[in-house]
Amino acid sequence: MTTSKSEEMSYPVDHPEHAGELEHRAPAGDPIPDPGLHDPGPRYTDVNPQAQKRADRQVAGMFGLASILIIASIVAYVAFEIETPEGVPNVGEVQVSNFALGMTLGLALLLIGLGAVQWARTLMTSPEFAENRKPLVSSDEVRQATLESFNTGAEETQFGRRKLIRNSLLGAMALLPLPAIVLLRDLGPLPGDTKENTVWAEGVRLLTDVTYQPIRPAQLELGQLVNVMPATYRDLPDHGPAKINERAKSPVMLIRMLPEELSPFDDRENWHVDGIIAYSKICTHAGCPISLYERTTHHMLCPCHQSTFDLADNGKVVFGPATRPLPQLPLAVDNEGYLVAQSDFTEPVGPSYWERGTR
Amino acid sequence: MSTTTRTGSDVSTSNNAVLQGAGKVVGFVDQRIAANNWLKRNLRKIFPDHWSFLLGEIALYSLILVLLSGVFLTLWFKPSMAHIIYDGAYVPMRGIGMSEAYASTLQISFEVRGGLLMRQIHHWGTLIFIAAMSVHMLRIFFTGAYRKPRELNWVIGLLLLTLGITNGFTGYSLPDDLLSGTGLRIIEAGILAIPVVGTYVSYFLFGGEYPGEDIISRFYAIHILLVPGLIIALVTVHLMLVWYQKHTQWAGAGKTEKNVVGYPFFPIYVAKAGGFTFIVFGFIVLMSALIQVNPLWFYGPYDPSQVTAGVQPDWYVGFLDGALRVMPPWEFTIFGYHVTPSVLLPAVILPGVLLTLLALYPWIEQRITGDRREHHILERPRNVPVRTGLGVAFIVFYILLWIAGGNDFFATTLHIPVNWVSRFLQVSLIVMPPLAFWITKRICLGLQRRDRDKVLHGMESGVIMVSPEGEFTERHSPLSAAQAYALTAHERPQVHEAGAPTDANGIPNPNYKHDRRRARISRFYFGDVIPKPTREELEHGHHGHAELEAHSGSDATSDQH
């Protein structure tokens, strides 16, 4: 035991005149002197040959078992096919294959690891050491020499005197990031008015989602909610982003309630058809499609962040982090008796953005 | 250098084919880059042992497994949003329109043997990677391991955590299933809420309107190239710094600021750390064999007009989602432009502020304590009550946000309106962290008193003695010298005292205001700390009965306090 105990004991031990001085805050050996490294003594496996043999067998056993499991994993790969006859979901087969592969491989890895650790703990003979730390700051001489080397180099460039070279280089380097930014310009088009418009327009029919059927007012029962898309959506090309982008903006919920339950704003008196009323399905908070409707209260809840809107009261926010009511789609009936939009939404759908109020 | 010897079986060093082979390889390399110079110094490098030092290792090894399983997944995954009609092996989805990304994820799950296992390894491994980094960081924080000279590694670690979360999120988005698309949409709302540039950033990121057809391939490049490259580079620097600066250690007998006590890298940590790598691998693979994660065939392809109830992100995004849920509905306009703190604060400003505060904490603490020395001995959390209190307050704040991220779950489980849960959390987020700080600080001070008592009077032995007068007392058995030293090895913190406003000649001290402010902060940080006993107190406390070191004959030192 030869720790540098004597050296540490030379620190001042709690002298009041040193109070407040950082250097003297750490009196090692205060109030109890460092007893020095403790020798834990030999392990059981060090003194008992029987125990040593046992540990030896344990480690080798774990490594051996790992080999068997690795072979077993290859067997499992071949044995558990995951292709199944036509028309039958193969989820079960996949799960069996997953289980067999994962258990064999996982246990093999675990055993290799446990074996290695057990080897180190019980059999490897390394003693405990104390190693000295080197100072992490370079010595004054080295620091000085480095500074001199740098100064010499800087002198040799004559960087300080050749102002034209220096300034023109700095200028070029300052401009260099610009192309890197400019080159990213074509990442996307500018927003333009795309956020303000959807494919809803005057006379566009409301189609039931998925089946694309036009809707007559009489088909809707009291309290019923139907998800609808604009007829114009159907004509968009399947390939390319147009259709999925519109799918993110245009979805509408159609709800029927008693006309006397509605309390529309003055300029929205004629936006419903016999109590049938339509709102954007896209939450004004973070853009999730809203979906949980409570018939008795006419409340619509967003499942993402629980913003709640009153559909009888112009889509007003009654709870949650949303700041604006749901945009309402003005409705009418066309000459064939189907529900149509009077116009596009009168405000942008979805979450707020900087330019929202400027167009 | 001190050694404690262990007798063991003889180790044959020569005449061993494996060792000879290794020798040849080292010889080859040495003749080209003088590798032995480095190896000589480092093969037997000492590392200290403690369970809490394993947390960072878990992060490292799970990262390796995530990288390996990720490479496997790239062999089949198609980062394309092109619209196709599915006709693969998963029968319930046949005939349904979806993106190629989603279809290829189904292919990996249902047509590639071991594909589902690799997907689950990749997902579980990531969840554990980020969890291990987080807990590792808490360990570093609570023990003061970030103090000089390790501030750089603290910041690198924080960057790694941020990058890990970023990559977790981009990876979550790649399969283009209903859940991942919903998460992406919420990110879009966060971007849109950024004043002035938000809309443009969103259009540039998505290649136009949300969701567009570019985001998956762009995220793919970020997910498999950009961020992993940064992570690998930073992990390398992180480990090099740990290696170069040497590991911290706990206070204890024989351990000083100038040494490091432990076992040699070769062979002990080659075996232990190497073995632990396989244990972590094995654990994650077994989890992936037994516990299903992200069964995206249940969710279906992404459809921006649909969502499922009970939407939950991966755990590490939960606190941000929770912040979005409990934020009051604030929005205002300036000159007709919209600013939406309702989204901006929780989604952008909150993580920014948290990261900045965490990154700067080592320097903030240096300013408060005035302590700019090197530290290699870890601090017990109880001995720095204010830091520990701040840490616990942070944890409580984080957990409350996390609970908020599952407010619908708590509402349905507890049969109470979700509105109540949100209101309760809104209040709690303001009230609970200071409360947690105060309680933690009190607990720390209590533990410090207990340490002090133990050093002064020994440990409670559970043996009750009756004096001839009939008085009951508990016998205290003294600590061993090593135990007592470990409890008193920490520093005696000094509160910075402001000098007098004027000196002896009545000339005002120009720095008095600054000095007084420093003193106030210092008092806040150290003012209540229970001082460890001085040597005089120790001698007095023992009534001269016995030396503390003489613990073998312990009867004489029983204490009657």
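The values are calculated or read from the model by the stated rules, or taken from the named source; none is laboratory data. Every value quoted in this text rests on a predicted model; they were computed, and no experiment measured them. Counting neighbours? That spans all protein chains shown, and the Cβs are built from the backbone with ideal geometry, glycine included.
From the list A:358, A:297, A:323, A:284, which residue is within 14 Å of chain B (Cβ to nearest Cβ), under 23 Å from residue B:410 (Cα atoms) and not acidic (Asp, Glu)?
Among A:358, A:297, A:323, A:284, only A:297 is within 14 Å of chain B (Cβ to nearest Cβ), under 23 Å from residue B:410 (Cα atoms) and not acidic (Asp, Glu).
All but one of (1) surrounded by fewer than 19 Cβ atoms within 10 Å (Cβ to Cβ); (2) more than 9 Å from every other protein chain (Cβ to nearest Cβ); (3) not in a helix (DSSP H, G or I) hold for residue B:251; which doesn't?
Failing condition for residue B:251: (1).
Going residue by residue through segment B:441-458, is there one that turns out to be in contact (Cβ under 8 Å) with a residue 24 or more places away in the chain, surrounded by 12 or more Cβ atoms within 10 Å (Cβ to Cβ) and in contact with a His (Cβ under 6 Å, 6 or more places away or on another chain)?
So far as segment B:441-458 goes, yes, one or more of its residues are in contact (Cβ under 8 Å) with a residue 24 or more places away in the chain, surrounded by 12 or more Cβ atoms within 10 Å (Cβ to Cβ) and in contact with a His (Cβ under 6 Å, 6 or more places away or on another chain).
Restrict the check to segment B:365-375 and report whether at least one residue is hydrophobic (A, V, I, L, M, F, W, C) and in contact with a Ser or Thr (Cβ under 7 Å, 6 or more places away or on another chain).
yes
When segment B:479-536 is examined, which residues are found to be facing chain A (nearest Cβ under 9 Å), farther than 30 Å from residue B:254 by Cα and in contact (Cβ under 8 Å) with a residue 24 or more places away in the chain?
B:496
Could you grab me the full set of residues in segment A:108-122 that are hydrophobic (A, V, I, L, M, F, W, C) and either under 32 Å from the mean Cα position of the chain (by Cα) or facing another protein chain (nearest Cβ under 7 Å) (or both)?
A:109, A:110, A:112, A:114, A:116, A:117, A:119, A:120
Assess whether residue B:418 counts as being hydrophobic (A, V, I, L, M, F, W, C) and either at pLDDT 95 or above or under 30 Å from residue B:252 (Cβ atoms) (or both).
No, not satisfied.
What is the residue count in segment A:166-210 for residues that are of a type in the set (A, V, I, L, M) and touching a strand residue (DSSP E or B) at 6+ places or on another chain (Cβ under 6 Å)?
Qualifying residue count for the region: 4.
Would you be able to say whether some residue in segment B:506-529 is under 26 Å from residue A:35 (Cβ atoms) and of a type outside the set (Ser, Thr, Tyr)?
yes
Identify the single condition in (1) under 19 Å from residue A:338 (Cα atoms); (2) within 35 Å of the chain's Cα centre (by Cα); (3) outside the structural domain of residue A:353 (by TED's automatic domain parsing) that residue A:201 does not satisfy, given that it satisfies every other one.
It is condition (2) that residue A:201 fails.
Does residue A:278 meet the test of being within 9 Å of chain B (Cβ to nearest Cβ) and buried (at least 19 other Cβ atoms within 10 Å of the Cβ)?
no
With assigned to a helix (DSSP H, G or I), among the aliphatic types (A, V, I, L, M) and at the interface with chain A (Cβ under 8 Å from one of its Cβ atoms) as the only criterion, which of B:234, B:239, B:205, B:230 stands out?
B:205
For segment B:511-534, name all the residues that are part of a loop (DSSP other than H, G, I, E, B), modelled with pLDDT of 85 or more and of a type outside the set (A, V, I, L, M, F, W, C).
Of everything in segment B:511-534, those that are part of a loop (DSSP other than H, G, I, E, B), modelled with pLDDT of 85 or more and of a type outside the set (A, V, I, L, M, F, W, C) turn out to be B:527, B:528, B:531, B:532, B:533, B:534.
Report yes if some residue within segment B:332-349 is more than 11 Å from chain A (Cβ to nearest Cβ) and not in a strand (DSSP E or B); otherwise report no.
Scanning segment B:332-349 turns up at least one residue that is more than 11 Å from chain A (Cβ to nearest Cβ) and not in a strand (DSSP E or B).
Which condition does residue B:68 not pass, out of (1) at pLDDT 95 or above; (2) assigned to a helix (DSSP H, G or I); (3) touching a helix residue (DSSP H, G or I) at 6+ places or on another chain (Cβ under 6 Å), if it passes all the others?
(3)
From the list A:267, A:238, pick out the single residue that is surrounded by fewer than 20 Cβ atoms within 10 Å (Cβ to Cβ) and assigned to a helix (DSSP H, G or I).
The conditions single out A:267.
Would it be correct to say that residue B:545 is more than 42 Å from the chain's Cα centre (by Cα), modelled with pLDDT under 90, of a type outside the set (Asp, Glu) and in the same structural domain as residue B:449 (by TED's automatic domain parsing)?
Judged against the criteria, residue B:545 is a match.
Return the pairs, sorted by first residue and then second, in which the second residue is among the acidic types (Asp, Glu) and surrounded by fewer than 22 Cβ atoms within 10 Å (Cβ to Cβ), the first residue lies in segment A:330-359 and is in contact (Cβ under 8 Å) with a residue 24 or more places away in the chain, the beta carbons are less than 7 Å apart, and the residues are 6+ apart or on different chains.
Short answer, once both residue conditions are applied: A:340/A:334; A:341/A:202; A:342/A:202; A:343/A:202; A:348/A:196; A:352/B:331; A:359/A:193; A:359/A:196.
Taking residue B:103, is it assigned by TED's automatic domain parsing to the domain that holds residue B:270 and either at negative phi or not charged (D, E, K, R) (or both)?
Spelling it out, residue B:103 is indeed assigned by TED's automatic domain parsing to the domain that holds residue B:270 and either at negative phi or not charged (D, E, K, R) (or both).
Quick one: what pairs do we get from segment A:201-213, first residue at pLDDT 95 or above, second part of a loop (DSSP other than H, G, I, E, B), C-beta under 6 Å, 6+ apart or different chains?
As it stands, the answer is A:201/A:344; A:202/A:343; A:205/A:338; A:206/A:215, since those pairs meet every condition given.
Just to verify a result, which residue in segment A:27-54, among those that are under 23 Å from residue A:129 (Cβ atoms), touching a helix residue (DSSP H, G or I) at 6+ places or on another chain (Cβ under 7 Å) and small (Gly, Ala, Ser), is modelled with the highest pLDDT?
It comes out as A:36.
What is the number of the single condition among (1) within 11 Å of chain B (Cβ to nearest Cβ); (2) surrounded by fewer than 13 Cβ atoms within 10 Å (Cβ to Cβ); (3) at pLDDT 95 or above that residue A:75 does not meet?
Of everything listed in (1) within 11 Å of chain B (Cβ to nearest Cβ); (2) surrounded by fewer than 13 Cβ atoms within 10 Å (Cβ to Cβ); (3) at pLDDT 95 or above, residue A:75 misses just condition (1).
For residue A:336, indicate whether it is part of a helix (DSSP H, G or I) and either modelled with pLDDT of 95 or more or closer than 24 Å to residue A:219 by Cα (or both).
no
Being within 7 Å of chain B (Cβ to nearest Cβ), more than 27 Å from residue A:43 (Cβ to Cβ), free of Cβ contacts under 8 Å to residues at least 60 places away in the same chain and surrounded by fewer than 20 Cβ atoms within 10 Å (Cβ to Cβ) narrows it down to one of A:101, A:105, A:136, so name that one.
Among A:101, A:105, A:136, only A:136 is within 7 Å of chain B (Cβ to nearest Cβ), more than 27 Å from residue A:43 (Cβ to Cβ), free of Cβ contacts under 8 Å to residues at least 60 places away in the same chain and surrounded by fewer than 20 Cβ atoms within 10 Å (Cβ to Cβ).
Select from segment B:259-318 the residues that are among the charged types (D, E, K, R) and modelled with pLDDT under 95 and write down the one among them that is nearest to the chain's Cα centre (by Cα).
If we take residues in segment B:259-318 being among the charged types (D, E, K, R) and modelled with pLDDT under 95, then B:314 is nearest to the chain's Cα centre (by Cα).
Consider residue B:384 carefully, then state whether it is touching a strand residue (DSSP E or B) at 6+ places or on another chain (Cβ under 7 Å) and among the hydrophobic types (A, V, I, L, M, F, W, C).
No, not satisfied.
Which residue pairs have Cβ atoms closer than 8 Å, lie 6 or more positions apart in sequence or on different chains, and pair a first residue in segment B:344-371 that is within 16 Å of residue B:394 (Cα to Cα) and surrounded by fewer than 18 Cβ atoms within 10 Å (Cβ to Cβ) with a second residue that is modelled with pLDDT under 95 and of a type in the set (S, T, N, Q)?
Going by the 8 Å Cβ cut-off, there are no qualifying pairs.
Name the residue that is nearest to the other protein chains (Cβ to nearest Cβ), counting only residues in segment B:254-267 that are touching a residue at least 24 places away in the same chain (Cβ under 8 Å) and out of contact with any Lys or Arg (no Cβ under 6 Å at 6 or more places or on another chain).
The residue in question is B:254.
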